[in-house]
Amino acid sequence: TDFTADAVWCATGTGTSAAGILQSSMPFTHLHAVNPGIQDATVDALLLTTAATHQKQLQLHHLPNDRFGRCSDATIDCMLQWQSNTGLATDIMYTGKLLHAMQRHYAQTAYSSPQKILLIHTGGLQGNRSHPLLSLQSTGG
């Protein structure tokens, strides 16, 4: 295939999905790995080592007010805005935080040309049942 991306975005979790992307032959310029709030430096170390071994560019993102299983109001707002704009629900554990980190990054960074972005959804919607606003959005109620 002749697909290419300037940037690939994914949530890290245990780091295995992001490590697999770094090891792949998929042509991309930059991997942005978003930590969903897991306070474990070994995941970051694994990804940095894998990126160096496979000569890939990696940027790690951490949202300061999000922790695993908990979301900041800013992340919830980003998720609801995304759903309003696209009709696609995201999850509170991984992809919602991924979108928020991506939104923050591009709001703070100037690019001279448009970016071709691949966003990889690695979560599910089950965690949204724990949040009143998102449980309604996830079920369409």
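The values are calculated or read from the model by the stated rules, or taken from the named source; none is laboratory data. Fair warning: this is a prediction, and the values are worked out from it, not measured in the lab. As a convention, Cβ positions derive from the backbone with ideal geometry for all residues, glycine included, and neighbour counts pool all protein chains shown. Keep in mind that these areas ignore ligands, DNA and RNA; they rest on the heavy atoms of the full protein, side chains included. Shrake-Rupley method; radii C 1.70, N 1.55, O 1.52, S 1.80 Å.
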Taking square-rooted eigenvalues a ≥ b ≥ c of the alpha carbon gyration tensor, is segment 1-122 rounded, prolate or oblate, where a/c under 1.5 means rounded and, failing that, a/b exceeding b/c means prolate? oblate
Taking only protein heavy atoms and a 1.4 Å probe, what accessible area per residue, in Å², does segment 25-78 have with all protein chains in place? 55
Electrostatic dipole magnitude of segment 34-115 [Cβ: Lys, Arg +1; Asp, Glu -1; Cα centre; debye, to 20]: 120
Normalised by the residues of segment 1-130, what does the relative contact order come to in percent, with Cα pairs under 8 Å and at least six apart? 31
